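In what follows, a structure is listed as structure tokens, so that the remarks can point back to it.
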Ligand SMILES: Nc1ncnc2c1ncn2[C@@H]1O[C@H](COP(=O)(O)OP(=O)(O)OP(=O)(O)O)[C@@H](O)[C@H]1O
Ligand SMILES: [Mg+2]
């Protein structure tokens with residue numbers, strides 16, 4: 001059983017009114033990597049605090065692009081993204097620290113530093129926030145416990161299995177107590193059993209109040225759960241019904257038939 005963090009969820013701390021608003025609102029968001037060929041066009045998505053949302057779509061549909069606009073690897077060409085009520089769609093020096101503090105991101109390829117210890121890989125997320133060492137130690141230990149790696153902080157990360165390395169990446173994403181976690185194909189490099197383990201870990205984190213956006217093209221994984229499902233099709237976000245079995249879109253119903 002995963003304990004909730006003892007601190008109030010981030011984002012609310014930064015702005016007391018934020019708790020009243022959806023955690024994430026995309027309105028009319030478009031992204032053009034090429035002129036006249038939008039990857040995303042007029043995407044509208046509202047995510048409430050505490051939701052677990054799958055984001056799916058064919059390869060190249062724009063799942064990673066969508067997430068990258070939220071964590072600001074890329075900036076939108078049109079539209080707005082409100083995160084905890086703040087417009088973060090375009091680059092401003094003020095929104096970057098706000099995002100770092102309130103957003104955790106997990107990738108398919110883990111992005112852990114192999115020659116660092118497990119502890120160092122998780123602690124780095126707090127060190128860039130200039131948190132005192134003693135607090136860093138306590139918070140890292142707690143995050144490692146939450147991902148099932150209690151007592152493993154001293155190990156070199158490269159000696160860990162793929163599933164364990166992804167747990168380190170999840171610990172790094174949650175150690176700042178973010179309000180929102182973005183996961184971009186976090187199970188893409190794992191076999192099907194480990195994929196379920198990692199999905200379950202995200203669900204446990206979600207149960208403690210953290211909102212999760214989980215991008216995956218793995219329909220067998222999606223079909224196992226009843227979470228809200230958003231599909232990116234022709235550059236737009238299509239709301240699919242909960243549970244793929246009742247979803248007529250893209251022939252996915254045949255998979256769970
Ligand atoms: N930095 C970039 N520069 C140019 N084009 C890009 C860039 N990033 C993404 N694209 C294009 O945007 C489209 C969507 O790509 P994206 O990576 O978001 O798809 P995806 O749904 O995540 O696919 P996958 O399931 O393969 O991960 C693709 O046509 C891709 O080539
Ligand atoms: Mg992708």
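Read-outs throughout are calculated quantities, based only on the coordinates presented, and are distinct from any laboratory measurement. Note that this is a predicted model, so its numbers are computed, not measured. Positions of Cβ are generated from backbone atoms using ideal geometry, with glycine treated the same way; all protein chains shown enter the neighbour counts.
Just a few scattered comments:
- Counting only alpha carbon atoms, the long axis of helix 192-207 and the longest principal axis of the chain meet at about 80°.
- Computed over the chain, the P(r) tail beyond 32 angstrom holds 20 percent of alpha carbon pairs.
- Extension gain for residue 131 to residue 59 (0.36 nm times residue separation, less C-alpha to C-alpha distance): 22.0 nm.
- Helix 162-174 and the longest principal axis of the Cα set of the chain meet at an angle near 90°.
- Cβ crowding within 10 Å, taken as a proxy for footprinting-reagent exposure, orders 21, 133 from fewest neighbours to most as 133, 21.
- Each of residue 156 and residue 92 was given a label point 7 Å from its Cα along the Cα-to-Cβ line. The distance between the two points is 4.6 nm.
- Whole-number percent relative contact order across the chain, with pairs defined as alpha carbons under 8 Å at least 6 apart: 26 percent
- Over the Cα atoms of segment 30-104, the radius of gyration divided by the Kirkwood radius equals 0.95; this is the Rg/Rh ratio.
- Working from Cα pairs under 8 Å separated by at least six residues, relative contact order for segment 64-211 is 28 percent.
- Tail fraction, Cα-Cα pairs, segment 56-169, threshold 22 Å, whole percent: 45 percent
- Footprinting exposure proxy for 192, 95 (fewest neighbouring C-beta atoms within 10 Å first): 192, 95
- Listed by Cβ neighbour count within 10 Å, with the fewest neighbours leading, 29, 53, 47 appear as 53, 47, 29.
- Degrees separating the helix 118-127 axis from the principal Cα axis of the chain, which is the longest one: 80 degrees
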